[in-house]
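Derivation of every value follows stated rules applied to the coordinates shown; laboratory data play no part. The structure displayed is predicted, hence computed values, not measured ones. Here Cβ is always computed from backbone atoms with ideal geometry, including for glycine, and neighbour counts include all displayed protein chains.
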Amino acid sequence: MSQYVNRAVVLAKRPNGEPQNDDFRIEEQPLSELAEGEILVRTLWLSLDPYMRPRMNDMKSYAAPTPIGGIMTGEVVGVVMESRSANYAVGDRITAYGGWQEYFVKPDDAPMMYKIQETGIPLQAYLGAAGMTGRTAYFGLTEIGKPQQGDTLVVSAASGAVGGIVGQLGKMHGCKVIGIAGGSEKCKFVVEELGFDACVDYKAGNLEKDLQQACPNGIDIYFENVGGDVTRAVATLLNEGSRVPICGYVSNYNDTDLSKVQTPQDILATSPHPPTARFFVQTEWQEQHQQTTQKLAQWIKDGKLVYRESIAEGIEQSIPAFQGMLTGKNFGKQLVLIAAE
């Protein structure tokens, strides 16, 4: 039996709408002794992301739902504490899908587990701007959005972890970039710190008019994070030949019956100029994981990509932090510091 005591957040029951405290349970779970080829990892940072909410439902999706009693899924940065692997040494920093827990054991050939090639940026950035978040922005924009010099790019949830990177990448490609965010503080951040050309505050009550004013020549690329009324406002302004990478539609994730939701595809089909649009996940380009992570990390180090984080501390705070993220209470990437180095 391992000397370490693990605490994990498990799914106690399936939520009905917004996740409640009793939908989760924190358990102490034993850790087995390492077999040959395995490593024991201590979680340092946990990434909280919108995709986790649909995974709590018992519904068909691109990934299997979290089972009742199962550990909540999530990517982490961790440090190897014990190793029976020739590929990983004690002290190695890694990214892996370790879940919401303080320790975990993995075989050294586990999918989507990588040793961090440190470049002098903060470790937690490998979960955010240099990690899954950054790769999602990069592949969605470049592979599906196909940005061209002079395109008008609109980004929903523009102050969020993915949206903020999309806009900055769009500027690198020579696009006019318009953000949509909730509240004057977030809009100010999007323009003044992230460098967007403008930002529309959807909470101001004039979304359609303000968006039309910001996009007098229509919209060539819409990076979809939100769905609902935001997508309806965008759909009327899409130009012929427009492209829409669909990352998610967080405005509907807490709905009690997602099967009855009007999806972004449903809404976009009503546009006068229906776009080329599809849902994607960054793992479609998994073979480019390492080189893209290094590219993003270098841009961060060089000051070409900036980002903001919301940080909760301790495994207990992962639950309220997750609940808050789903209702927009976070600012930028939502992380949980599980253990200080």
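The residue among Val90, Trp100, Pro15 whose Cα reaches farthest toward the positive pole of the charge dipole of the stretch 1-121, with charges on the beta-carbon of Lys, Arg, Asp and Glu, is Pro15. Under a 5 Å amide H cut-off, with hydrogens placed 1.01 Å from N, Phe280 pairs with Ile246 among residues at least 5 apart or on other chains.
With each run of n ≥ 4 DSSP H residues scored as -39500 (n - 2.57), what mean residue ellipticity at 222 nm is computed for the chain after dividing by its residue count and rounding to the nearest 500 deg cm²/dmol? Working shown, then result.
Working: 9 runs with 76 residues, N = 341.
Only helices count here, giving -6000 deg cm²/dmol.
Helix 289-301 and the longest principal axis of the C-alpha atoms of the chain enclose an angle of approximately 70°.
With a simple spin-label model that places each label point 7 Å from the Cα along the Cα-to-Cβ direction, the separation between Gln117 and Leu337 comes to 2.9 nm. Which FRET efficiency value, to the nearest 0.05, do you get for Gln288 and Val5 by plugging their Cβ-Cβ distance into 1/(1 + (r/R0)^6) with R0 = 56 Å? E between Gln288 and Val5, to the nearest 0.05, is 0.90.
Residue separation of Lys295 and Ala64 scaled by 0.36 nm, minus their Cα-Cα distance, works out to 80.1 nm of gained length. Near Lys333, once Lys and Arg are set to +1 and Asp and Glu to -1 for all other residues with Cβ below 10 Å from its Cβ, the sum equals -1. A simple spin-label model places pseudo-atoms 7 Å from Cα toward Cβ; at Arg25 and Tyr97 they are separated by 2.4 nm. Summary of packing: across the peptides 88-101, 169-182, the per-residue average of other C-beta atoms within 10 Å ranks them, highest first, as 169-182, 88-101. Phi angles across the stretch 145-150 convert, under the Karplus curve 6.51 cos²θ - 1.76 cosθ + 1.60 with θ = phi - 60°, into 3J(HN,Hα) values of x, 6, x, 10, 3, x Hz, Gly and Pro given as x. Net charge dipole, the stretch 200-341: roughly 240 debye, given to the nearest 20, about the Cα centre with Cβ charges of +1 for Lys and Arg and -1 for Asp and Glu.
How big is D for the stretch 132-288, in µm² s⁻¹ as a whole number, if Stokes-Einstein is applied with the Kirkwood radius of its Cα pairs at 20 °C and 1.002 mPa s? Estimated diffusion coefficient is 141 µm²/s.
Per-residue HN-Hα couplings for the stretch 270-286, Karplus 6.51 cos²θ - 1.76 cosθ + 1.60 at θ = phi - 60°, whole Hz, x for Gly and Pro? Working through the residues one at a time gives 8, 5, x, 10, x, x, 7, 9, 7, 6, 9, 10, 5, 5, 4, 10, 4 Hz. Partners of Lys60 within straight-line reach, counting lysines whose Cα lies under 25 Å from its Cα and excluding those fewer than 8 residues away in the same chain: Lys13, Lys260.
Each Lys and Arg adds +1 at its Cβ and each Asp and Glu adds -1 at its Cβ; summed about the Cα centre, the chain shows a dipole of about 540 debye. Of the labelled figures [x] 21.9; [y] 21.3; [z] 20.6, only one reflects Kirkwood radius over Cα pairs in Å as derived from the coordinates, namely [z].
Sequentially through the stretch 98-110, phi angles give Karplus couplings (6.51, -1.76, 1.60; θ = phi - 60°) of x, x, 7, 7, 7, 9, 7, 10, 9, x, 6, 10, 4 Hz, Gly and Pro residues having no value and appearing as x.
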